[in-house]
Each structure stands twice: as C-alpha cells, then as structure tokens.
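> Let me give you the structure first, and then I'll get to my questions.
The values are calculated or read from the model by the stated rules, or taken from the named source; none is laboratory data. This one's a predicted model, so the numbers in the text were calculated from it and none came from an experiment. Because the Cβ atoms are built from the backbone with ideal geometry, glycine has one as well, and the counts that use them run over all protein chains shown.
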Amino acid sequence: MNEISKYINLAKKAGAVIYGIDNIVKNKNVQLILLCPTSSQNLVSKAESFAARKNIKLIKLQNELDSIINTTNCKVIGLTNLQLATQIVKIIE
C-alpha cells in the first residue's frame, strides 16, 4: 500500500484527485475510482453503477482509504490522471 500511497500523493499534488461520489459523477475525466472497504452499501452501488455506465475501472481497496491518503472520513476518490491511474491498477492487480 505504500507504493499506492505514493502515486495517490502525486495525483493530489497534480490536482488529479476528486473526493466524494457526487463530485466524481460530475467530473468527465475520471479514469479510476478507489473505494474504501468500509463504504456504505449505498455508496458502493452508486460507484459501481457510475463505473459501469462510463466504463471506468473501480477498485475496492483492502485497506482503509483514510490511512492511504492521510485524511479523515474519506470513502471514495476518483483519479483523473490516466498514467497515475494505470500505475495504481498495475500495483493492485
């Protein structure tokens, strides 16, 4: 998870991280969605539905998102940078 954290922090510095499902749904450039394992079923279904409609990769993390990105109460993020999203997918898979 340390390597994933590095890529997410790079994305944060580049302004390529979107927080919250409502903001993700509004954004047209989302390349990857990362879900926290403690997300509510409502959030999971919204994220899965949006990802399926837009053909976006969705990954349910094993560790809590808060610990990876050093924030509190964050359950879902979207990445808009394709290269960083691709690197995260490679690490996880």
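> Give me the pairs: first residue in the range 61-84 and in contact (Cβ under 8 Å) with a residue 40 or more places away in the chain, second residue of a type in the set (Ser, Thr, Tyr) and assigned to a loop (DSSP other than H, G, I, E, B), beta-carbon distance under 6 Å, and six or more apart or on different chains, which are they?
Close Cβ pairs (under 6 Å, with a partner that is of a type in the set (Ser, Thr, Tyr) and assigned to a loop (DSSP other than H, G, I, E, B)) amount to Lys75/Ser39.
> Let me ask you something else. Regarding Leu65, is this residue over 14 Å from Ala16 (Cα atoms), out of contact with any Ser or Thr (no Cβ under 9 Å at 6 or more places or on another chain) and surrounded by 19 or more Cβ atoms within 10 Å (Cβ to Cβ)? Write out each step before concluding.
Values: over 14 Å from Ala16 (Cα atoms): yes; out of contact with any Ser or Thr (no Cβ under 9 Å at 6 or more places or on another chain): no; surrounded by 19 or more Cβ atoms within 10 Å (Cβ to Cβ): yes.
No, not satisfied.
> Can you find even one residue in the range 34-57 that is farther than 13 Å from Ala85 by Cα, at pLDDT 95 or above and part of a loop (DSSP other than H, G, I, E, B)?
yes
> Under 6 Å between Cβ atoms, which residue pairs at least 6 apart in sequence (or on different chains) link something in the range 13-25 that is under 12 Å from Ala47 (Cβ atoms) and part of a helix (DSSP H, G or I) with a partner that is among the charged types (D, E, K, R) and at pLDDT 95 or above?
Here the result reads Ile21/Lys46, each pair linking the range 13-25 to a residue that is among the charged types (D, E, K, R) and at pLDDT 95 or above.
> Kindly check whether there is at least one residue in the range 60-74 that is modelled with pLDDT of 95 or more and over 11 Å from the mean Cα position of the chain (by Cα).
First pass over the range 60-74, keeping only residues modelled with pLDDT of 95 or more: none.
Checked the range 60-74: no residue is modelled with pLDDT of 95 or more and over 11 Å from the mean Cα position of the chain (by Cα).
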